Amino acid sequence: MLLGLVGKPNVGKSTFFKAVTMADVLIANYPFATIKPNHGIGYVKIHDLAADFGRVSNPREGYVKSGWRFVPVEIYDVAGLVSGASEGKGLGNEFLNDLAGVDAFIHVVDMSGETDAEGKPFPKSDYNPAEDIRFIEHELDLWYFGILKKTWEKFARAVEVQKSKFSEAVARQFSGLKVMEDDVKSVILKIGLNAEKPSSWKPEDLAKFSGELRKISKPMIIAANKIDRPNGKSNYDNVRKEFGYPVVPCFAEGELTLRNADKSGLIEYIPGESEFEIKKELNDKQADALKSIKKILDEFGSTGVQDVLNAMIFDILGYVAVYPAGSKLEDSKGNVLPDCYLMPPGSTALDFAYKLHTDIGKAFVKAIHVKTKQAVGKDYVLKNGDGLEILTR
């Protein structure tokens, strides 16, 4: 699972990235502070199944805190995109190609209205962040269009001559973009183009096809960042009404402050929560900073950063977290529920068995729910938070 952070320069992408990964990256108040892509691990937050048995799990990857399990996902942060990126402006082609293998986009947008389209300070502080969403959409669509256009004429003729199945051929040809056959089928059904004669498509047909393919093959969520700024809330309200994407109010700088304070022992904080507990005496600067953050937490329920990751993985992409769990909940070394896997939507108990090991999948007999003790067959559709013991012959 790989999520890509996109956005114009100087919107707080690096701050968001550091808040979710705690990686050591440059954060600066000027465009193109990020040049080379940053790669790190963020974590989605789920209920720790071990807590239902009065125990605490010992993750091989990720961590557990106060009854919550944090399961790793990969995060990729590329340099800010500017208008014309799809044509190479601002090294745009290089940055966009870095995003080819991601599963979905997190678009970090500056809700303050205090930076212009290039990420430079905007003196009136009333720049419309909706413009950023439109231009990023446009550049991503042009990027997809450019990739498809390069080989489309030859590809379309080959599909017709060989009488290939169009959806299969497109998915195979553009697998580097993680385009799936079902994605192609959905787009063709939506826009009504002739899939049997793609050579007859006009440039505008291909542009429409590539844009819709981009939307379905790489879903996007809006991280409405800098919600703490004076115009942040009103701009967020306007953006949420205008666009069909999920929009989450965010305060990445506040989340980073909370996580650093928790790491240093000043406070006890669980990512995504609306409260924190002060553990040590604070100086005036620290107290004022936390007081300001608490106002945002009280108004919005959280800083939004953890909500963005959870919404993308579970609500938009539809993944479910599943534990391999024997009757004693332990592996051979006594570790409690050491593993937890994110499985694609519609995955079955048999899919899960194969995920654990090919031999386990081949020898699958049934699975046992560790909580209900009920047996389920190979066609059982996995649910978020399931713990299954796989029995083999």
Among residues of the range 148-192, those that are in contact (Cβ under 8 Å) with a residue 60 or more places away in the chain and of a type in the set (A, V, I, L, M), counted: 2
Search result, residues across the range 141-189 that are surrounded by 13 or more Cβ atoms within 10 Å (Cβ to Cβ), within 27 Å of Pro344 (Cα to Cα) and charged (D, E, K, R): Asp141, Lys165, Glu168, Lys178, Glu181, Asp183, Lys185
All positions within the range 345-375 that are surrounded by 13 or more Cβ atoms within 10 Å (Cβ to Cβ), among the β-branched types (Val, Ile, Thr) and in contact with a Ser or Thr (Cβ under 9 Å, 6 or more places away or on another chain): Ile360, Ile368, Val370
Residue satisfying all of: in the range 379-393; crowded, with 16+ Cβ neighbours inside 10 Å and not hydroxyl-bearing (Ser, Thr, Tyr); nearest to the chain's Cα centre (by Cα) among these: Gly385
The range 35-62 - residue that is over 28 Å from Ser14 (Cα atoms) and touching a helix residue (DSSP H, G or I) at 6+ places or on another chain (Cβ under 7 Å) and, of those, surrounded by the fewest Cβ atoms within 10 Å (Cβ to Cβ): Val56
Helices (runs of 4 or more DSSP H) contained entirely in the range 180-272, each with at least 1 residues that are closer than 21 Å to Asp110 by Cα and either of a type outside the set (Lys, Arg) or not assigned by TED's automatic domain parsing to the domain that holds Lys149 (or both): 232-242, 252-263
Test: residue in the range 127-146 that is farther than 22 Å from Gly211 by Cβ and at pLDDT below 85: no
Candidate set: the range 163-179, residues that are in contact with a helix residue (DSSP H, G or I) (Cβ under 7 Å, 6 or more places away or on another chain), under 11 Å from Ser217 (Cβ atoms) and assigned to a helix (DSSP H, G or I); chosen: the one modelled with the lowest pLDDT: Leu177
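The values are calculated or read from the model by the stated rules, or taken from the named source; none is laboratory data. Here the structure is a predicted model, which is why all the values come from computation and not from measurement. Positions of Cβ are backbone-derived with ideal geometry, glycine not excepted, and every protein chain shown enters the neighbour counts.
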